[in-house]
Amino acid sequence: MTITRRSMLTLSVGAAIGVVAGMRSGPASATAEDAMAKVMEFAGGTEPATGTITLDAPEIAENGNTVPVSVSVESPMTADDYVESVAIYADGNPSPDVITFNFTPMSGEASATTRMRLAKTQNVIAVAKTSTGQVFMDKKEVKVTIGGCGG
Amino acid sequence: MASVKPRVKVPKSASAGEVITIKTLISHPMESGQRKDGDGNPIPRQIINTFTCEFNGQTVFSCDIEPAVSANPYLEFTAKVGEAGTFKFTWVDDDGSVYTEEKEIALN
């Protein structure tokens, strides 16, 4: 087949569409369902209650690369009744897992702070599990101006 | 990696039974595995995946870290001090490297 001007034109338009479509398929993103599935897995079948746990994150994060996030759970932190672990999930990141804190009665308090990456505006979820089998959850929406997952 | 440097802030002394705050930071790129290099090839994941804090041999606090934690992972947590002793901090890298740091605390 000889390349005419017309066929060249359609070829290049096709190629351009292909490139644009290819660029759009960035990192796959988790959904709210994925994050909730993780929460239920962590909770081990117990329905998470609200309260007792406080998740603290900024309402608006200018830079998604470092978003400060802290959790604290009210607990006596004695050998019979303490917070075993607190997991943080983000429902709009490529993978919902962020971090899991494991406490012991020697921690004194069930509170911790770290910095996380957020790809876009999304909900951040914290779930706590106590040694007595109670599960608590808190959720907060963080608006992200510049996403932090690289491209 | 020579650039990995742990930094820890622990009070020099505490009264018995006091709950102290410990701050740690380790310089590490925390490559998430999601980014691509200039040629479009994915950059392999390399993060600190575990952190542990022990006091006189007993675990006080630990955490499992995922790629969604920022570069130079910063952690702040608490510990109840019942006696004088040594805090030992351990970070485990995906490549198997282990970084440690120790801090003494006295009772006043």
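Just a few scattered comments:
- Checking the stated criteria, B:ALA16 turns out to be farther than 23 Å from A:ARG117 by Cβ, loosely packed, with under 14 Cβ neighbours inside 10 Å, at pLDDT below 95 and within 14 Å of chain A (Cβ to nearest Cβ).
- Boolean, B:ASN72 is within 17 Å of the chain's Cα centre (by Cα), in a strand (DSSP E or B), of a type outside the set (A, V, I, L, M, F, W, C) and more than 20 Å from B:ILE105 (Cα to Cα): no
- The set of residues in the stretch A:113-148 that are facing another protein chain (nearest Cβ under 9 Å), within 21 Å of A:ALA30 (Cα to Cα) and surrounded by fewer than 21 Cβ atoms within 10 Å (Cβ to Cβ) contains only A:ARG115.
- Residue match in the stretch A:124-131 (condition: outside any strand (DSSP E or B), more than 20 Å from B:LEU75 (Cβ to Cβ) and among the hydroxyl-bearing types (Ser, Thr, Tyr)): yes
- Of all the criteria given as (1) assigned to a strand (DSSP E or B); (2) free of Cβ contacts under 8 Å to residues at least 60 places away in the same chain; (3) among the charged types (D, E, K, R); (4) out of contact with any Cys (no Cβ under 9 Å at 6 or more places or on another chain), the one not satisfied by B:ASP39 is (1).
The values are calculated or read from the model by the stated rules, or taken from the named source; none is laboratory data. Just so it is clear, the structure is predicted and the values come from calculations on it, not from any experiment. Neighbour counts run over all protein chains shown; Cβ positions are idealised from the backbone, glycine included.
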